[in-house]
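A short write-up of the structure that comes next.
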């Protein structure tokens with residue numbers, strides 16, 4: 001009777017999830033143009049997609065049914081301009097780009113309408129001299145949660161003594177607020193992550209890496225926070241972690257609570273084996289550590305994580321960190337690893353000397369969710385089961401995509417790595433209630449979805465790309 005009820009439950013869930021609206025764009029052949037792409041988001045003009053290669057910068061607009069409305073080449077005003085970043089801001093587009101002029105690289109920005117029409121003139125931010133024989137400068141752009149502040153930077157030099165970052169702080173009107181060189185001494189370790197809050201303060205996390213050559217893993221210790229304040233010189237704020245080491249970590253700014261949140265799986269000092277999960281919450285206003293919680297796995301968690309004997313807990317890594325309005329956090333960890341198989345292939349020309357062929361298999365398996373309160377106490381945890389195996393595809397169709405709804409989140413993933421698979425979803429409520437069901441099936445749709453590259457474009461809409469047999473499509477799911 002229990003098995004029958006369980007079957008009935010999953011049947012109901014599958015029907016419920018499948019009732020969500022799914023729209024497909026028409027397939028477009030891209031293999032001959034070698035396009036890359038980015039899902040920008042949604043405006044009143046539609047869902048905007050950015051496609052680009054070495055010669056073209058194209059913006060496309062799609063309506064609610066994923067029918068293409070228009071396609072336009074970005075007119076940047078300078079031949080050979082390279083777009084560094086596109087951001088949707090207040091229903092317009094802000095484009096950051098660079099171009100070479102003589103022996104200098106010029107960087108700047110410009111406002112465009114959501115129809116990709118120039119709204120303002122090009123604003124020059126900086127000009128960096130370089131020798132003719134040197135490679136182009138790699139610029140990076142990041143923005144705050146509200147997209148009112150932008151930090152455009154590049155690594156100007158790095159040696160055994162220090163790393164120098166040349167950065168520009170730019171406001172939402174493309175006004176330069178600050179141009180400076182940030183010097184981070186090597187004593188603080190390597191740069192792990194960079195973040196910017198809603199006040200225009202830039203934060204750098206540094207740490208000292210330890211490589212374990214036998215396992216190929218890396219841990220971070222002596223994690224330090226370094227502030228690059230809006231309108232002031234850089235300040236070393238303090239050491240967040242000195243004893244334990246994170247094997248993987250995710251950092252986010254909680255603008256509501258004015259906190260820097262750092263989470264991941266940790267190992268004890270001088271150890272490469274995972275011990276448990278850790279959470280650090282750092283108050284950005286008064287430079288104090290609010291939460292410094294490192295919880296070792298208990299026997300039940302270890303048993304739940306190791307559903308089969310071939311599961312190695314050390315293969316789990318943090319993949320997502322969801323901040324809640326009440327100050328709590330949801331951490332998501334995934335079991336991912338690779339295996340190698342070497343086989344002999346018959347040599348028909350010389351049977352005595354068979355060829356050797358090596359296959360690399362990528363595995364993306366179970367998910368481990370932990371929900372912590374504002375104080376860092378465990379509210380609940382769960383292990384979500386999935387098993388994905390692929391060969392030499394860099395895990396493009398594996399792993400999952402995360403959707404944040406009003407009262408729940410959804411983790412969407414391919415049931416198996418195949419063009420005939422089901423797209424499944426785990427629905428997770430704040431209290432830990434979890435259900436699973438089918439969203440859609442790829443059979444006879446000529447799509448091969450990549451949930452890990454999905455983009456949430458509104459509270460109730462998600463766009464997932466599909467690359468299949470040289471064709472690109474986009475699938476929109478309303479939930």
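Where a number appears in this text, it was derived from the coordinates with a stated rule and is not lab data. Since this is a predicted model, take the numbers as computed values, not measurements. Reconstructed Cβ throughout: ideal geometry from the backbone, glycine too, with neighbour counts over all protein chains shown.
Mean projected area of the Cα convex hull of the chain, taken over all directions, amounts to 28.0 nm².
Spread over its residues, the convex hull of the C-alpha atoms of the range 185-296 is 92 Å³ per residue.
Calculate the tail of P(r) for the range 242-352: the fraction of all Cα-Cα distances greater than 17 Å, expressed in %. That fraction is 63 percent.
Length gained on full extension, residue 380 to residue 307, computed as 0.36 nm times the residue gap minus the Cα-Cα distance: 24.4 nm.
From the Kirkwood radius over Cα pairs of the range 351-409, Stokes-Einstein at 4 °C and 1.567 mPa s returns a whole-number translational diffusion coefficient of 85 µm²/s. In this calculation the C-beta distance from residue 360 to residue 269 is compared with R0 = 45 Å, giving a FRET efficiency of 0.85. Using bins of 5 Å that start at zero, the share of Cα-Cα pairs per bin across the range 320-436 amounts to 2, 10, 17, 17, 13, 11, 9, 6, 4, 3, 3, 2, 2, 0, in whole %. For the chain, the relative contact order is 10 percent, taking Cα pairs closer than 8 Å that sit 6 or more residues apart in sequence and dividing their mean separation by the residue count. Average 1/r across all pairs of distinct alpha carbons in the range 233-300, invert it, and you get the Kirkwood radius: 13.0 Å. A crude spin-label estimate for the pair residue 91 and residue 292, with each label 7 Å from Cα along the Cβ direction, gives 4.9 nm. For the range 297-443, the relative contact order is 14 percent, taking Cα pairs closer than 8 Å that sit 6 or more residues apart in sequence and dividing their mean separation by the residue count. From the square roots a ≥ b ≥ c of the eigenvalues of the alpha-carbon gyration tensor of the range 102-184, which class results: rounded (a/c under 1.5), prolate (a/b over b/c), or oblate? Note, shape of the range 102-184 comes out oblate. Normalised by 2.2 N^0.38 Å, where N is the number of residues, the alpha-carbon radius of gyration of the range 30-105 equals 1.19. Here the sum of -39500 (n - 2.57) over DSSP H runs of 4 or more residues, divided by the residues of the chain, equals -1500 deg cm²/dmol at 222 nm, to the nearest 500.
Ordering 31, 438 by the number of other Cβ atoms within 10 Å of each residue's own Cβ, fewest first, gives 31, 438. The distance between label points at residue 339 and residue 404 comes to 3.6 nm (points 7 Å beyond Cα on the Cα→Cβ vector). Once the chain from residue 433 to residue 70 is taken as fully extended at 0.36 nm per residue, the excess over their C-alpha distance is 126.4 nm.
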